[in-house]
Amino acid sequence: IGQDSIELLGHSYPRDDFTNITPKILAKVGFHLQNQPYHPLWLIKERIKAHFYSSYVGRWGNPLFSVHDNLSPVVTVEQNFDSLLIPPDHPCRKRGDNYYLNRTTMLRAHTSAHQRELVRSGLDAFLLAGDVYRRDEINASHYPVFHQMEGVRLFSDLELFSRVRGGDELSLFERGGRRTAQKQESHSLEAVKLVEFDLKTTLTRLVTHLFGPDVEVRWVDCYFPFTHPSFEMEVRFQGDWMEVLGCGVMEQELLLSAGAGNKLGWAFGLGLERLAMILYSIPDIRLFWSRDERFLKQFRVDDIQTPICFQPFSKYPPFHNDISFWLPDAADRFTENDFYDLVRSVGGDLVEKVTLVDDFTHPRTGRRSHCYRIVYRHMERTLTQQEVRQVHQQIERSVEAELGVQGRF
Ligand code: PHE
């Protein structure tokens with residue numbers, strides 16, 4: 001605070017009017033949970049690696065997919081958005097949703113930020129695991145840092161068509177084609193259908209490996225600026241359909257800009273916490289950051305394929321505390337995510353959950369007020385009344401000082 005640059009992972013980034021990263025978030029960078037042996041995120045990553053290594057081998061018995069799990073989460077805005085054809089005015093670039101170091105640099109919001117550079121480096125098939133950062137609400141399944149696994153596979157016409165009879169008559173591209181719901185303008189329908197088929201079988205095999213042969217899968221059409229067609233995969237778990245990943249046929253313009261314009265490709269990105277929470281019955285996303293042995297020891301298994309069902313240890317008692325304030329008159333000066341971030345930077349992991357419990361507009365003055373309920377609970381010990389009061393009062397002070405609201409405390 002008060003300094004005009006941010007130090008992170010040995011580099012210095014000048015602050016500007018876009019900077020919105022908080023010290024609490026900075027402190028989360030560099031843990032590489034996906035690389036800590038026997039951490040549940042590591043376990044899932046290793047299971048996915050093992051599956052791809054054994055199922056997809058090259059002509060000389062070598063693994064087809066290379067694995068990258070050490071790329072820095074600090075990326076340029078260009079990598080995170082522009083390289084993926086995300087337009088300059090796209091809402092996903094909002095300051096309210098991302099952590100910016102400054103106008104040109106940010107914490108990656110998804111592992112797709114590295115697609116172009118890895119394709120450009122000559123790779124045809126790779127997996128990439130890492131931490132990603134998004135400003136978000138606070139509850140048992142949302143945390144501003146989580147982990148993703150990206151997968152990309154490219155096909156030359158030989159690789160794609162040598163699998164089908166009569167394939168040597170087919171070509172990847174067609175001139176003067178139109179973009180339809182099924183394909184991009186430059187692609188031939190035959191090529192796209194083969195790539196889409198390969199993508200869906202690859203991912204179905206992966207979740208079958210993870211969840212067992214009885215898993216039910218369904219595909220939902222969706223939209224990403226960097227794939228077309230695009231799909232979400234949902235997995236049926238305890239009666240509910242859960243979204244586990246986004247994927248699709250890579251935009252040809254992206255491949256062209258990465259020097260692989262003569263190939264077609266698919267890409268997917270899946271959330272590792274989401275998978276781990278389902279597979280190991282982990283009830284709260286904050287547990288992934290726990291150093292409590294009662295959590296970590298449950299994942300130390302000799303064989304990574306051992307089924308694990310996390311046994312929750314007794315929870316310590318929660319404290320509930322409400323906070324109400326009048327919003328600034330200029331309504332656009334306040335967003336809920338500003339408040340969630342502030343609570344997170346003051347309260348850290350003591351905060352289990354924040355919910356908007358009342359949104360009230362005064363009938364006469366037209367002033368608007370919000371009331372939030374904050375649940376305080378430590379994962380590893382019982383908090384004291386006094387400790388909670390101190391944090392809560394600090395939040396009351398900061399919210400007035402930093403967000404321009406007027407307390408009704
Ligand atoms: N990056 C997307 C997300 O985070 C997921 C995705 C990856 C979609 C690759 C398509 C292809 O939601």
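Restricting to DSSP loop positions (anything but H, G, I, E, B) with no more than 10 other Cβ atoms inside 10 Å of their own Cβ, which trypsin sites (Lys or Arg not before Pro) remain in the stretch 185-281?
none
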For helix 40-55, what angle does its Cα long axis make with the longest principal axis of the chain, in degrees from 0 to 90 and rounded to 10?
0 degrees
Which pairs in the list LYS49/LYS263; LYS28/LYS263; LYS28/LYS200; LYS24/LYS353 are over 26 Å apart, alpha-carbon to alpha-carbon?
LYS28/LYS263; LYS28/LYS200
Any trypsin sites (Lys or Arg not before Pro) in the stretch 111-178 that lie in a DSSP loop and have at most 15 other Cβ atoms within 10 Å would be ARG163, ARG165, ARG175, ARG178
Using helices alone, what [θ] at 222 nm do you get for the chain, with -39,500 (n - 2.57) per DSSP H run of 4 or more residues, divided over all residues and rounded to the nearest 500?
-7500 deg cm²/dmol
Straight-line reach only, C-alpha to C-alpha below 19 angstrom: list the aspartates and glutamates that LYS183 could link to, leaving out same-chain residues fewer than 8 apart.
ASP157, GLU174, GLU196, ASP198, ASP221, GLU232, GLU251, GLU253
What is the set of long-range amide H partners of CYS222 at a cut-off below 5 Å, with H atoms built 1.01 Å from backbone N?
SER230, PHE231, GLU232
For the stretch 6-79 versus the stretch 108-122, the gap between their alpha-carbon centres in whole angstrom:
11 Å
Proximal aspartates and glutamates relative to LYS94, as straight alpha-carbon distance under 20 Å, when same-chain residues fewer than 8 apart are discounted:
ASP16, ASP17, GLU78, ASP82, ASP131, ASP136, GLU137, ASP332, GLU336, ASP338, ASP341, GLU402
Filter the chymotrypsin sites (Phe, Trp or Tyr not before Pro) in the stretch 8-78 to those in DSSP coil with at most 13 other Cβ atoms within 10 Å of their Cβ, and list the result.
TRP60
For the stretch 253-409, what is the relative contact order in percent, using Cα pairs closer than 8 Å and at least 6 residues apart in sequence?
25 percent
Mind listing the phi-derived Karplus ³J(HN,Hα) values for the stretch 273-280, rounded to whole Hz, using 6.51, -1.76 and 1.60 with θ = phi - 60°, and x for any glycine or proline?
4, 3, 5, 5, 5, 6, 5, 10
Using Cα positions and a limit of under 17 Å, work out the aspartates and glutamates in reach of LYS315, with same-chain residues fewer than 8 apart set aside.
ASP284, ASP292, GLU293, ASP349, GLU352, GLU380
Could you work out how much longer the chain between ARG120 and THR365 gets when fully extended? Use 0.36 nm per residue separation minus the Cα distance between them, nm to one decimal.
82.4 nm
With a Förster distance of 25 angstrom and the Cβ-Cβ distance between ALA401 and ARG95, calculated FRET efficiency to the nearest 0.05 equals 0.80
Note the per residue figure in Å³ for the convex hull of the C-alpha positions in the stretch 99-219.
186 Å³
LYS24 to ASP221: extension gain in nm, 0.36 nm per residue of separation minus the Cα-Cα distance?
67.3 nm
Once you have the Cα-Cα distance between SER290 and ALA50, take 0.36 nm times their residue separation minus that, and quote the gain in nm to one decimal.
83.8 nm
Nearest-0.05 FRET efficiency for ALA140 and LEU64 at R0 = 41 Å, using Cβ-Cβ distance, is 0.65
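No lab work stands behind these numbers, since they all come straight from the coordinates. Model, not experiment: these values are computed from the prediction. Reconstructed Cβ throughout: ideal geometry from the backbone, glycine too, with neighbour counts over all protein chains shown.
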